[in-house]
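Quick notes on the structure that follows.
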Amino acid sequence: MDPVPKSPIPCHVGIIMDGNGRWAKQRGLPRIEGHRRGVETVRTVTRAARELGIRYLTLYAFSVENWKRPQDEVGGLMSLLDYFLKRETATLVRDKVRLLTIGRTAEMPENIRNLLAKSCKATESFTDLTLTLALNYGARTEMLDAAASYARAVAGSATGTPPPTWEEFRRHLYTGDIPDPDLIIRSSGEMRVSNFLLLQAAYAEFVFTPTLWPDFSKADLESALADYAGRERRFGLTSEQLGPWKPAKA
Ligand code: FPP
């Protein structure tokens, strides 16, 4: 893989979908209404990502910390996920979008696990766009799981085995089979990473937008891409060592 991407279109975009609660509060609605509108934005943005030539879209849908929210909100989010998976799988198949998940999904409710298994299976052959839902995800738990997975892989190896290269170790992350994010977007004006893809984002560009997630549109995504296209990604090199952006490869 070329260490310095040459395309002005990010191959992999991660999104921290924030601001559902505030959107609802501004309208005097219960928080779950904000999440409900947020699901509609997930559909809009997935379609837009495909149209714009993004190959990987990773959405932070439920963090390991989110279980501590009020139980009715957690239950509401699970119902929305259930609804999304039941309603959207046919659309994902029609649009040739592969669905993946990252996170400790084995701890998700059984109905969600079953629906995820079905949707992932139904879409596993598609390659145009990979939509990854981060569910019961946290970067620190991911690191612990990767370390345990690596330890299992090398158990029994001769003592004095040299430490892994990053390329060897990264295979044990939940994202072992997909490229690192080029661009991470966070909606709602907050400027935090909130335990999202911490290792994978080592060289990602960040765009923070004040738009609340339920209001996030294709135009907001295009604006983030325009911002990204204007950045010089150096990966520790100097400007002079880098060539100019080349047109996106088909
Ligand atoms: C953050 O907004 C958002 C979440 C914790 C959940 C995101 C979930 C969705 C968009 C819906 C479910 C997704 C799928 C794929 C079906 P917040 O509640 O923290 O907003 P606030 O900071 O304004 O309170």
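The values are calculated or read from the model by the stated rules, or taken from the named source; none is laboratory data. These numbers come from a predicted model, not from an experiment. For neighbour counting, all protein chains shown are included, and Cβ atoms are generated from backbone atoms with ideal geometry for every residue, glycine included. Surface accessibility is based on the protein's heavy atoms, side chains included, excluding ligands, DNA and RNA. Shrake-Rupley method; radii C 1.70, N 1.55, O 1.52, S 1.80 Å.
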Original post:
If only one of Thr91, Thr44 is more than 12 Å from the ligand (Cβ to nearest atom) and either in contact (Cβ under 8 Å) with a residue 60 or more places away in the chain or in a helix (DSSP H, G or I) (or both), which one is it?
Top reply: Thr91
Original post:
For segment 9-30, which residues satisfy the criterion of being open to solvent by 40 Å² or more (accessible area, probe 1.4 Å), near the ligand (Cβ under 8 Å from one of its atoms) and without any contact (Cβ under 8 Å) to a residue 60 or more places away in the chain?
Top reply: Lys25
Subject >> Candidates Thr211, Thr132 - the one that is within 16 Å of the ligand (Cβ to nearest atom) and in a loop (DSSP other than H, G, I, E, B) >> reply: Thr211
Original post:
Here are some conditions: (1) without any contact (Cβ under 8 Å) to a residue 24 or more places away in the chain; (2) loosely packed, with under 15 Cβ neighbours inside 10 Å. Glu33 meets all but one. Which one does it not meet?
Top reply: (2)
**OP:** Take segment 173-186 and flag every residue that is open to solvent by less than 20 Å² (accessible area, probe 1.4 Å), more than 14 Å from Asp227 (Cβ to Cβ) and in contact (Cβ under 8 Å) with a residue 60 or more places away in the chain.
**Re:** Thr175, Ile178, Pro181
**OP:** Quick one: in segment 47-88, of everything that is aromatic (Phe, Trp, Tyr) and within 9 Å of the ligand (Cβ to nearest atom), which residue is most open to solvent (accessible area, probe 1.4 Å)?
**Re:** Tyr83
Subject >> Top-ranked residue of segment 163-203 - restricted to ones that are part of a loop (DSSP other than H, G, I, E, B) and among the polar types (S, T, N, Q), ranked as nearest to the chain's Cα centre (by Cα) >> reply: Thr175
